[in-house]
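The structure appears below as structure tokens.
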Number of protein chains: 2
Amino acid sequence: MSKRFEQKDWQESMRLKLDFNNMMTSYVGENGISEAEIADLQAQIEKAEKAMVEKRANGGMDWRDLPYNQADIVKDINAYVESVKDEFDTFVVLGIGGSALGPIAVQQAINHPYYNELSKEKRGGYPKLYVMDNIDPEKLVSLFDIIELDKTLFNVITKSGSTSETMSQFMIIKEMLEEKLGKEESKKHVVCTTDAKNGNLRPIADKEGYKSFIIPAGVGGRFSELTPVGLLPAAMCGIDIEELLAGAAYMDELCKNDNTFKNPASMYAILNYLAMKRGKNISVIMPYADTLKYIGDWYAQLWAESLGKKFDNDKNVVNVGQTPVRALGATDQHSQVQLYSEGPKDKVIVFVGVDKYKTTLDIPKIYGDIPSLGFLGGETHNKLIKTEQMATEYALLKSGQTNMTITLPEVNEFTLGQILYLFEVATGFAGELLDINAFDQPGVEEGKNATYAMFGRPGYDEKKAELDNRPAKNDKYII
Amino acid sequence: MSKRFEQKDWQESMRLKLDFNNMMTSYVGENGISEAEIADLQAQIEKAEKAMVEKRANGGMDWRDLPYNQADIVKDINAYVESVKDEFDTFVVLGIGGSALGPIAVQQAINHPYYNELSKEKRGGYPKLYVMDNIDPEKLVSLFDIIELDKTLFNVITKSGSTSETMSQFMIIKEMLEEKLGKEESKKHVVCTTDAKNGNLRPIADKEGYKSFIIPAGVGGRFSELTPVGLLPAAMCGIDIEELLAGAAYMDELCKNDNTFKNPASMYAILNYLAMKRGKNISVIMPYADTLKYIGDWYAQLWAESLGKKFDNDKNVVNVGQTPVRALGATDQHSQVQLYSEGPKDKVIVFVGVDKYKTTLDIPKIYGDIPSLGFLGGETHNKLIKTEQMATEYALLKSGQTNMTITLPEVNEFTLGQILYLFEVATGFAGELLDINAFDQPGVEEGKNATYAMFGRPGYDEKKAELDNRPAKNDKYII
């Protein structure tokens with residue numbers, strides 16, 4: 001029998017929906033977007049569509065082929081997981097940015113909310129997962145209060161092998177492993193995910209004899225979740241990575257539609273582009289499910305780093321970019337919605353809802369005599385959270401705040417693959433509309449170079465001199 | 001011997017600092033604020049100062065007295081904690097918004113990063129803490145896979161007792177407890193934090209015989225962390241709540257200074273007010289410590305809900321408010337800093353740094369032959385994270401993005417009390433400058449009423465009719 005994700009009917013039943021009614025002037029009023037505006041953009045849209053097709057064909061967007069060209073890699077990953085999972089109680093990712101946000105988002109979406117606190121048996125025999133994506137000394141030291149080194153596998157993820165945060169973590173762990181377990185035994189405790197040929201980590205992995213997986217040369221960090229960067233940690237927690245990729249492939253088909261009003265990625269990009277043009281510089285992502293909370297973090301990197309750019313493709317200074325804001329429904333109704341309703345009309349709010357949660361939770365029929373409680377008795381938390389989502393959409397519509405809603409029929413690998421891929425394509429398309437390079441990040445160099453200079457790294461003398469000569473701080477401006 | 005927080009020298013050594021050099025034109029250039037602008041605002045500043053003093057005197061800001069008037073409450077809380085802590089392995093907060101964000105922030109700041117995964121002995125004999133601040137049915141059901149009901153104490157926190165999310169959780173838990181443990185035994189498993197007289201929960205607590213603590217009538221949700229709302233969960237995890245309040249009292253003194261340039265709360269508010277006036281509608285809070293990450297979530301509610309307002313005090317439509325964005329250093333350098341450096345100059349970025357982390361983590365002296373790794377060998381993660389923070393401040397300064405830095409000498413109860421209180425006073429002051437009411441939240445009513453109407457709650461027929469008559473969605477706008 002075929003797997004569920006190979007069945008047409010099941011696929012269709014799991015198709016995500018993008019509802020952008022509340023973005024349109026006919027619903028939200030003057031702050032919205034009109035069909036005429038979209039029509040006026042037609043030439044630019046066609047240019048963007050053409051660029052997307054060309055870039056894909058010319059190898060400028062290798063991440064778009066990931067749903068199709070990884071059958072062998074999936075086999076390799078799954079075989080590796082099977083071969084090691086009994087041996088290890090804990091799997092620790094050492095990675096930052098794109099090497100951490102995707103693995104966290106997928107694991108949180110699919111697995112038990114308290115996965116690490118379950119017994120190994122209840123985890124299906126898979127190890128716990130910890131993602132160390134900071135260099136706070138307290139955090140890494142504390143990790144060793146709760147894990148056993150000899151039962152832990154470390155996954156070092158960095159394409160260049162020169163990411164200071166990740167590589168310094170690796171250096172610490174390597175020494176610790178060799179001291180405690182000896183050089184030979186240590187090898188089994190490290191698996192690297194890095195470039196096939198270039199960078200520092202590849203020769204280290206080869207020399208030390210670490211198992212390794214490849215990050216394709218043409219795929220950048222924030223677009224790498226569907227490479228072994230994300231696939232290995234996911235599979236290591238028992239997540240079906242074949243289905244994840246199938247969901248992405250399914251969304252790829254939807255994103256090929258050349259009718260703009262039928263193409264969710266193009267429409268998402270167009271609406272946000274037009275919103276940005278009129279000063280809406282904030283993109284709120286607000287899932288109504290704890291499982292999807294970290295999709296917001298992943299999206300925040302993708303949208304911010306891809307579209308936040310100083311120069312356009314003709315080297316004009318444009319300083320564009322929309323700032324992503326992460327919220328969680330219903331929780332943040334009690335934190336952010338006052339501002340969203342009454343504050344400036346400077347936002348596009350993207351709700352992410354779920355049709356069917358994995359469980360149903362009944363509210364008992366008590367306190368019928370108390371009006372503000374009685375109406376809840378006999379209902380479910382499922383109905384309450386979905387109703388609150390609809391009510392919040394309605395309240396924001398009434399206040400004139402543009403919003404849209406993405407709905408997943410369920411949260412599973414297939415729908416997750418869809419939403420990840422949808423946001424990636426939408427980001428690429430928005431980059432074309434903005435006429436910027438969505439795939440580089442020149443703005444992080446200044447901070448890196450200043451760090452190197454402060455550490456006295458050879459070759460950074462000029463930056464060091466610049467830093468030494470910066471104006472001293474004014475004590476009057478320190479309280 | 002006196003406690004450390006009673007000693008003048010120690011207090012001074014633990015004083016937090018606000019460095020706003022990078023907000024000023026003399027440093028950040030044309031996007032910054034000049035001293036002349038601050039001088040021009042003098043009349044408005046004096047009016048705000050006067051209003052703050054008057055409101056405090058007239059009982060309009062009861063939260064300002066919390067550091068001083070709770071000696072008996074602290075005793076009661078600590079005695080209660082001592083009396084129950086051996087009996088319970090788990091303490092579960094049922095609360096949302098201000099009833100959840102403060103407890104989470106304080107616990108994460110002070111305790112071990114993996115507190116819940118430590119043995120009870122390593123937790124100092126205190127129970128684990130879970131904060132249930134959502135109505136996602138999967139999350140609450142899953143909690144019971146990892147806790148034992150008969151060893152769990154539930155803290156229901158809601159002032160009005162009509163918060164649907166919290167009260168429906170309570171209804172579920174109450175039935176579960178009574179079914180499993182019987183009515184008599186159940187009583188010991190619930191502790192309520194609510195109003196002294198009003199609302200639904202007070203009569204329920206009295207009737208059922210639950211232990212309860214009081215939320216003072218004049219203190220609103222987002223200003224309630226230093227009431228039993230925050231103090232009980234903190235004490236239940238072994239946190240020194242006396243020191244927390246002492247830190248707040250210490251900051252209160254600093255915030256009384258009528259020299260604007262010596263008053264951190266006034267200056268924080270003034271700089272942000274002037275930034276807002278020139279269109280900087282985003283307030284980024286970016287701690288460089290995992291322990292302080294959730295201070296950002298707490299701040300996000302405080303700043304958003306207090307200042308996001310449609311009307312000013314004269315009922316003019318103003319639609320003001322700055323949108324808080326939560327980031328974490330160094331992690332989000334790899335996610336958000338590209339945008340902050342190169343994107344629009346629409347932000348004030350507030351770094352929160354720490355002088356002394358609780359531990360030191362050495363990077364071994366290896367890979368000396370690899371230039372991009374060699375400079376790290378022999379250094380510490382402490383130096384790396386602090387250097388990256390300085391480098392990021394410098395990079396943003398160079399790019400013209402306004403930023404400031406709050407530095408805590410250490411993260412402890414005393415410094416935490418200071419920063420919480422600082423932000424609260426700054427928020428109140430910013431409200432005065434904006435001439436709005438920082439202490440209400442009328443904008444959340446629409447969504448609540450729509451929820452009640454959709455549930456068919458009696459008395460909401462008119463809203464129900466309004467909802468039934470809203471325009472049907474256009475299928476063309478759903479992909």
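A few remarks follow.
- Contact map, the stretch A:60-87: residues that are assigned to a loop (DSSP other than H, G, I, E, B) paired with residues that are at pLDDT 95 or above and aromatic (Phe, Trp, Tyr), Cβ distance under 7 Å, separation 6+ or inter-chain. Pairs shown: A:LYS85/A:TYR126.
- Within the stretch A:337-354, the residues that satisfy the criterion of being more than 8 Å from every other protein chain (Cβ to nearest Cβ) and either within 18 Å of A:LYS293 (Cβ to Cβ) or at pLDDT below 95 (or both) are A:ILE349, A:VAL350, A:PHE351, A:VAL352, A:GLY353, A:VAL354.
- Residues that are of a type in the set (Val, Ile, Thr) and within 18 Å of the chain's Cα centre (by Cα) are absent from the stretch B:201-212 altogether.
- Conditions (1) surrounded by fewer than 18 Cβ atoms within 10 Å (Cβ to Cβ); (2) over 21 Å from the mean Cα position of the chain (by Cα); number of the one not met by A:TYR68: (2)
- Selection within the stretch B:334-366 - hydroxyl-bearing (Ser, Thr, Tyr) and free of Cβ contacts under 8 Å to residues at least 40 places away in the same chain: B:SER335, B:THR359, B:THR360
- Counting only residues that are touching a Gly at 6+ places or on another chain (Cβ under 7 Å), part of a helix (DSSP H, G or I) and away from chain B (no Cβ under 14 Å), the stretch A:10-59 holds 1 of them.
- Of A:GLY378, A:GLY456, all but one fail to be on the phi > 0 side of the Ramachandran plot, surrounded by fewer than 22 Cβ atoms within 10 Å (Cβ to Cβ) and not assigned by TED's automatic domain parsing to the domain that holds A:TYR288; the exception is A:GLY456.
- Count of the stretch B:118-141 residues which are in a helix (DSSP H, G or I) and surrounded by fewer than 22 Cβ atoms within 10 Å (Cβ to Cβ): 2
- Check on A:ALA438, outside any helix (DSSP H, G or I), more than 7 Å from chain B (Cβ to nearest Cβ) and either exposed (fewer than 15 other Cβ atoms within 10 Å of the Cβ) or on the phi > 0 side of the Ramachandran plot (or both): no
- Residue pairs meeting the criteria (Cβ under 6 Å; at least 6 apart or on separate chains; first not assigned by TED's automatic domain parsing to the domain that holds A:LEU16, in the stretch A:395-418; second part of a loop (DSSP other than H, G, I, E, B) and buried (at least 20 other Cβ atoms within 10 Å of the Cβ)): none
- For the stretch A:161-181, filtered to residues that are within 12 Å of B:GLY377 (Cα to Cα), touching a helix residue (DSSP H, G or I) at 6+ places or on another chain (Cβ under 8 Å) and without any contact (Cβ under 8 Å) to a residue 40 or more places away in the chain, the residue that is surrounded by the fewest Cβ atoms within 10 Å (Cβ to Cβ) is A:MET171.
- Some residue of the stretch A:295-310 being closer than 19 Å to A:TYR357 by Cβ and either modelled with pLDDT of 95 or more or crowded, with 24+ Cβ neighbours inside 10 Å (or both): yes
- Residue match in the stretch B:363-373 (condition: within 7 Å of another protein chain (Cβ to nearest Cβ) and touching a strand residue (DSSP E or B) at 6+ places or on another chain (Cβ under 7 Å)): yes
- Applying a threshold of 6 Å to beta carbon distances and a minimum spacing of six or more residues, or different chains, the list of pairs starting in the stretch A:450-474 at a residue that is closer than 21 Å to B:GLY377 by Cα and at the interface with chain B (Cβ under 9 Å from one of its Cβ atoms) and ending at one that is surrounded by 11 or more Cβ atoms within 10 Å (Cβ to Cβ) and basic (Lys, Arg) reads A:ALA453/A:LYS463; A:ALA453/A:LYS464.
- Answer from A:LEU433, A:LEU420 - the residue that is part of a helix (DSSP H, G or I) and in contact with a helix residue (DSSP H, G or I) (Cβ under 6 Å, 6 or more places away or on another chain): A:LEU433
- Among residues of the stretch B:77-117, those that are crowded, with 18+ Cβ neighbours inside 10 Å and either more than 9 Å from every other protein chain (Cβ to nearest Cβ) or over 30 Å from A:GLU148 (Cβ atoms) (or both), counted: 27
- Against the conditions (1) more than 7 Å from every other protein chain (Cβ to nearest Cβ); (2) crowded, with 24+ Cβ neighbours inside 10 Å, A:HIS334 satisfies every one except (1).
- If you filter the stretch A:337-375 down to residues that are part of a strand (DSSP E or B) and not hydrophobic (A, V, I, L, M, F, W, C), you find that the one that is surrounded by the fewest Cβ atoms within 10 Å (Cβ to Cβ) is A:ASP362.
- Flag if A:LYS315 is out of contact with any strand residue (DSSP E or B) (no Cβ under 8 Å at 6 or more places or on another chain), surrounded by fewer than 24 Cβ atoms within 10 Å (Cβ to Cβ), basic (Lys, Arg) and farther than 30 Å from A:GLU413 by Cα: yes
- Residue in the stretch B:205-242 that is nearest to B:PRO442 (Cα to Cα), counting only those that are in contact with a Gly (Cβ under 7 Å, 6 or more places away or on another chain) and surrounded by fewer than 23 Cβ atoms within 10 Å (Cβ to Cβ): B:GLY218
- Matching residues in the stretch B:300-327 - criterion: being among the hydrophobic types (A, V, I, L, M, F, W, C), within 7 Å of chain A (Cβ to nearest Cβ) and either touching a Phe, Trp or Tyr at 6+ places or on another chain (Cβ under 9 Å) or within 24 Å of B:ILE419 (Cα to Cα) (or both): B:ALA300, B:ALA304, B:VAL325
- Residue-level check: of (1) hydroxyl-bearing (Ser, Thr, Tyr); (2) in contact with a Phe, Trp or Tyr (Cβ under 7 Å, 6 or more places away or on another chain); (3) within 9 Å of chain A (Cβ to nearest Cβ); (4) touching a residue at least 40 places away in the same chain (Cβ under 8 Å), B:THR387 misses just (4).
The values are calculated or read from the model by the stated rules, or taken from the named source; none is laboratory data. Quantities reported herein were computed from a predicted structural model and do not represent experimental measurements. Every residue, glycine among them, receives a Cβ derived from its backbone with ideal geometry; neighbour counts consider all protein chains shown.
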